[in-house]
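Inspection log for the structure reproduced underneath, given as structure tokens.
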Amino acid sequence: MLGVTELLLTSKAPARLPTDAIVVAVVDDSGTPRLLAADQLPAATRTGVQRAIEVLGVTGKAGEVHRIPAGDDVEASLLVLTGLGALGADEGVGLEALRRAAGAAVRALAGTGHVTLALPADDAEHVGAIAEGALLGAYSPGDHRRSANDAGAAVAVLELVSSTARSRAAKTAVERARVLAAAVHGTRDLVNASPNELFPESFAVIARTETKGTKVKVTVLDDAALRAGGYGGLIGVGQGSVRPPRLVKLVYSPLRAKKHYALVGKGITFDSGGLSIKPAKSMETMKSDMAGAAAVLHTVLAAAALELPIKITGWLALAENMPSGSAQRPSDVITIRGGKTVEVLNTDAEGRLVLADALVAAGEEKPDVIIDIATLTGAQMVALGNQVSAVMGSDAVREDVLAAAGLAGEQFWPMPLPEELRASMNTPMADIANMGERYGGMLVAGLFLQEFVGDTPWAHLDIAGPAFNGGDPRHYVPKGGTGVGVRTLLTLLEAATRG
Ligand code: BES
Ligand code: MN
Ligand code: ZN
């Protein structure tokens, strides 16, 4: 990130604010686009917007962003019209529509110094959504280009206009949005980091550095400790790389905690496939195979920053999957922590091996719930595409995850764990093989993980497609790492402190 965007909350009229651009919402009112809210703007400015809507053919559809000269009645030189789409059945403005509209506008304004958001923000919930979408859209990845210029920089200051600006609820909503956006940005940064710089040991160092001065305690198991502890999955996957594996344990344990959630993240810092090597095309995005671990690290940090009254243990299963003379071979038999044996039929099905170790370790502490998050299978993308993640596991936890995702504005869809597929992983050589039936590959992977969970309520999140945006940016989602999962996990933890 090239500097953090500042977010201010104000009840002042936008016209007089010393700002470069004012963002207003256009709603698609059954085919008739019109300016929504923004009553605080001078009448002449509002008339100007309405004229621009007619002349420019603005539709108010979601994703549409238009810039027009602001005229003489406001300090800003630019007005930005962002499409909200249609209103809900109750004529209300949906929170996700608001996040996206704010995000699209702010992303389009990259490089601008001061941006004022005059969007419908009548209550704390809407204020929170605007703040969140705007900050998420204000992401700019740091890069190594020698000619990196300011055009790529995020908006420096965002000023959010709301009549509720002085209320405690609005301030709390903005504070939450700040923490949440910082966590998503931190996750995106890790996912975007190049794999020659981000490897298990350096990831563990980052985890240590980021937790300094917070209430999160870190323990790092190095390769010697992993060998001694019987973590055969991490050792097996990591042994082909000159950069050895790590298991990072994060503990946030506030005094008032009523529940204990364990979060487990797949952290393959690069997945070449190992000896079962991937074709070049499939390897291009495999620096993102640690997105689950990155999401876990930043979710734990965010929960601690918000001082949520819940104990959280985070597990980052870190390894680099490389082919070499010391790499594990297809048909090797390894022993996962706790004693179960696995025949490694395909070294490219490595995520489930490192997760198995981490799930067993997490389960040893008898948490109330275990959630794992992983870029686990190509089959997830075949089934649900690049924008919808899958959730499998115990009925109650799966439903909790779906509810949290809905509130957070992330798309998750429930998937089954059909018992019949378990037999496809049978092998005479070990307790289980690391691959089975090709059809339903995402479910097979989920069934594999289930073997290492025991009776703790558990959910498995497969984010293979959504973790990395290889296409064009959209609303608040940039190219590259998306930070998916963080908002759902944090919302789930918040719900757990209430339920
Ligand atoms: N990291 C990949 C899954 C993946 C693929 C994530 C594409 C994001 C985009 C995982 O380790 C993998 O290679 N899975 C194999 C499993 C197979 C060999 C059983 C797959 O899905 O092809
Ligand atoms: Mn793989
Ligand atoms: Zn992988």
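The values are calculated or read from the model by the stated rules, or taken from the named source; none is laboratory data. The structure displayed is predicted, hence computed values, not measured ones. Positions of Cβ are generated from backbone atoms using ideal geometry, with glycine treated the same way; all protein chains shown enter the neighbour counts. When the accessible area is computed, the model is the full protein with side chains, heavy atoms only, and any ligands, DNA or RNA have been set aside. Shrake-Rupley method; radii C 1.70, N 1.55, O 1.52, S 1.80 Å.
Data table
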read-out	value
Unique match (being open to solvent by 10 Å² or more (accessible area, probe 1.4 Å), assigned by TED's automatic domain parsing to the domain that holds Leu221, at pLDDT 95 or above and part of a helix (DSSP H, G or I)) among Ser194, Ser202	Ser202
Residue within the range 382-392 that is more than 20 Å from Thr482 (Cβ to Cβ), assigned by TED's automatic domain parsing to the domain that holds Asp455, out of contact with any Leu (no Cβ under 6 Å at 6 or more places or on another chain) and open to solvent by 20 Å² or more (accessible area, probe 1.4 Å) present	no
Every pair of residues 6+ apart whose Cβ atoms lie under 6 Å, when the first sits in the range 29-43 and is under 18 Å from Asp90 (Cβ atoms) while the second is of a type in the set (A, V, I, L, M, F, W, C)	Leu36/Ala25; Leu36/Val27
Test for Thr347: is it touching a Lys or Arg at 6+ places or on another chain (Cβ under 7 Å) and within 16 Å of ligand 3 (Cβ to nearest atom)	no
Residue selected from the range 447-464 under the condition in a loop (DSSP other than H, G, I, E, B) and surrounded by 24 or more Cβ atoms within 10 Å (Cβ to Cβ), by the criterion nearest to ligand 2 (Cβ to nearest atom)	Ala464
Test set (1) touching a strand residue (DSSP E or B) at 6+ places or on another chain (Cβ under 9 Å); (2) within 12 Å of ligand 2 (Cβ to nearest atom) - Ile277 fails condition number	(1)
Options Val216, Val251; residue that is over 23 Å from Val342 (Cα atoms) and touching a Leu at 6+ places or on another chain (Cβ under 6 Å)	Val216
Candidates Ser331, Ser326, Ser288 - the one that is closer than 22 Å to Gly229 by Cα and either more than 16 Å from ligand 3 (Cβ to nearest atom) or touching a strand residue (DSSP E or B) at 6+ places or on another chain (Cβ under 8 Å) (or both)	Ser326
Given (1) of a type in the set (A, V, I, L, M, F, W, C); (2) closer than 30 Å to Val65 by Cα; (3) surrounded by fewer than 18 Cβ atoms within 10 Å (Cβ to Cβ), index of the condition Met429 fails	(2)
Selection within the range 329-359 - of a type outside the set (Val, Ile, Thr), closer than 18 Å to Leu376 by Cβ and open to solvent by less than 50 Å² (accessible area, probe 1.4 Å)	Asn346, Asp348, Ala349, Glu350, Gly351, Arg352, Leu353, Leu355, Ala356, Asp357, Ala358, Leu359
Selection from the range 261-288 of residues that are open to solvent by 20 Å² or more (accessible area, probe 1.4 Å) and not hydroxyl-bearing (Ser, Thr, Tyr)	Phe270, Leu275, Ile277, Lys278, Pro279, Ala280, Lys281, Met283, Glu284, Met286, Lys287
Residue in the range 211-230 that is in the same structural domain as Leu493 (by TED's automatic domain parsing), touching a helix residue (DSSP H, G or I) at 6+ places or on another chain (Cβ under 9 Å) and under 23 Å from Thr456 (Cα atoms) present	yes
Candidates Met322, Met290, Met283 - the one that is closer than 28 Å to Ser424 by Cα and free of Cβ contacts under 8 Å to residues at least 60 places away in the same chain	Met283
Residue count for the range 86-107, restricted to those that are of a type outside the set (Asp, Glu) and modelled with pLDDT under 95	7
Residue match in the range 445-455 (condition: more than 16 Å from ligand 3 (Cβ to nearest atom), without any contact (Cβ under 8 Å) to a residue 60 or more places away in the chain and not aliphatic (A, V, I, L, M))	yes
Criterion violated by Val444 - all others in (1) over 13 Å from the mean Cα position of the chain (by Cα); (2) part of a loop (DSSP other than H, G, I, E, B) satisfied	(2)
